[in-house]
Amino acid sequence: MEPRTFQAREMREALALVRRELGPDAVILETRRVPGRALGLLGGSFFEVTAAAGESGPAPAPRSAPDLGPIRALLPGKRAQRVGQSAPPPVKTMIQEDPSAAIAAAAGRAGVVPFAALRRRLLAAMVPRDLCEGWLRALGSGDGVEGRAHAESELRALLHRELGPAASLGDDRARVIAFVGPTGVGKTTTVAKLAALTHLSEGKRIALVSLDDGRIGATAALRAYAKLLGVPIAVAPGQGLAQALAQHRDAELVLVDTPGISPSHGEAFAELGRRLGRAGEPVVTHLCVAAATRIEELERVAHLYRPTDPAALLVTKLDEAIAIGSVLGLRMQSRLPLSFLTTGPQVPDDLSPAHPELVIDSLLGGARA
Ligand SMILES: Nc1nc2c(ncn2[C@@H]2O[C@H](COP(=O)(O)OP(=O)(O)OP(=O)(O)O)[C@@H](O)[C@H]2O)c(=O)[nH]1
Ligand SMILES: [Mg+2]
């Protein structure tokens with residue numbers, strides 16, 4: 001059953017609500033004090049309890065008077081405590097007399113609700129709830145001080161496995177690499193950064209192609225970067241990607257910039273897919289998405305760009321994002337590996353391969369547990 005959140009002025013009332021709505025077996029997942037302002041109210045604070053129904057399910061009928069009975073939530077050494085289970089005497093006594101004091105006392109015992117703090121951090125980092133719960137479930141029971149103390153490093157290890165290594169530009173699959181994605185996410189700037197990296201640092205023979213032929217001045221920035229780097233550039237109008245690539249037959253790597261498409265131009269996504277498909281040779285596509293994008297938007301972007309058959313996600317504007325959980329949501333949902341991260345507008349500096357360590361640090365902060 002989906003966890004539900006209950007709020008009340010007093011912890012006692014919040015727990016009574018849990019019991020009334022979810023039944024006596026309810027499992028308390030998390031409790032916290034919320035300032036009134038956070039709820040759009042002035043003054044005071046509220047208690048918030050997140051709970052899920054236990055084995056017997058929600059209470060059959062609401063009770064008229066809140067009766068806490070033997071609520072013994074948040075006992076030490078359990079991942080989540082059933083409302084009706086027995087408790088060590090001191091907590092039990094306190095809960096019956098003063099639930100909020102009991103919870104405060106219990107919480108003082110280092111992580112009484114294992115993973116609660118981690119869950120809060122992940123949700124605050126915009127990790128979709130389902131994904132967050134899945135990760136926490138995969139961490140094991142979390143029983144015991146030892147397990148709880150290692151929860152964060154276990155999560156880091158889990159994410160490391162799930163993320164896998166950063167996807168490279170094209171491996172040996174293709175020499176033609178295209179960058180697609182919503183308007184203004186940083187495709188052209190990223191192409192310039194990658195051109196600098198591969199040409200200047202790796203000494204590759206590269207060429208640039210722009211499919212961005214529809215707008216006045218659209219190719220000016222890329223032309224300027226090409227000139228600066230001393231690499232050839234071609235603009236491929238309409239059907240002409242194959243011809244443009246033919247001009248660059250001796251290039252080891254061809255980076256293809258594409259125009260951003262407004263979601264209202266539905267047909268343009270399929271057309272872009274067709275243009276890339278007519279390259280006459282394999283093309284590996286990276287879907288560029290800005291880090292500070294809500295998961296719903298990202299899902300829509302992934303859907304719209306499906307005709308371009310992306311092989312990887314390239315995350316831009318990490319520097320502008322306060323949280324990258326939604327991008328990780330898309331990463332896990334789409335099973336597309338992350339290739340690069342961009343961390344500012346500076347060419348060529350603000351670019352890095354999406355090493356899992358970097359991604360995990362961006363999600364959880366640099367300090368390891
Ligand atoms: N803060 C920040 N800005 C960036 C980053 N990458 C690009 N930009 C800036 O974002 C703006 C748009 O970048 P472009 O590279 O033109 O974006 P685009 O995806 O090619 O845009 P369209 O071609 O119009 O779809 C520019 O002002 C860039 O300097 C980044 O990683 N961080
Ligand atoms: Mg562009």
Index of the failed condition, Lys227 passing every other in (1) out of contact with any helix residue (DSSP H, G or I) (no Cβ under 6 Å at 6 or more places or on another chain); (2) within 16 Å of ligand 2 (Cβ to nearest atom); (3) in a helix (DSSP H, G or I): (2)
Selection count where residues are among the charged types (D, E, K, R) and within 12 Å of ligand 1 (Cβ to nearest atom), scope segment 248-263: 1
Neighbours by Cβ (under 8 Å, 6+ apart or cross-chain): first from segment 260-279, in the same structural domain as Ala242 (by TED's automatic domain parsing) and charged (D, E, K, R); second assigned to a helix (DSSP H, G or I) and away from ligand 1 (no atom under 14 Å from the Cβ): Arg274/Pro307; Arg275/Leu241; Arg278/Leu241; Arg278/Ala242
Condition met for Pro182 (in the same structural domain as Arg335 (by TED's automatic domain parsing) and assigned to a loop (DSSP other than H, G, I, E, B)): yes
Options Ala321, Ala311; residue that is under 15 Å from the mean Cα position of the chain (by Cα), assigned by TED's automatic domain parsing to the domain that holds Phe269 and in contact (Cβ under 8 Å) with a residue 12 or more places away in the chain: Ala321
Search result, residues across segment 287-345 that are within 16 Å of ligand 2 (Cβ to nearest atom) and outside any strand (DSSP E or B): Val301, Tyr305, Thr308, Lys317, Pro345
Subset of segment 199-222 [at pLDDT below 95, more than 12 Å from ligand 1 (Cβ to nearest atom) and either crowded, with 21+ Cβ neighbours inside 10 Å or assigned to a helix (DSSP H, G or I) (or both)]: Leu200, Ser201
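Would you say Ala244 is hydrophobic (A, V, I, L, M, F, W, C), part of a strand (DSSP E or B), at pLDDT below 95 and buried (at least 17 other Cβ atoms within 10 Å of the Cβ)? Working first, answer last.
Details: hydrophobic (A, V, I, L, M, F, W, C): yes; part of a strand (DSSP E or B): no; at pLDDT below 95: yes; buried (at least 17 other Cβ atoms within 10 Å of the Cβ): yes.
Criteria not met by Ala244.
The values are calculated or read from the model by the stated rules, or taken from the named source; none is laboratory data. As the structure is a prediction and not an experimental result, all values here were calculated from the model. Cβ: placed from backbone, ideal geometry, glycine included. Neighbour counts: every protein chain shown.
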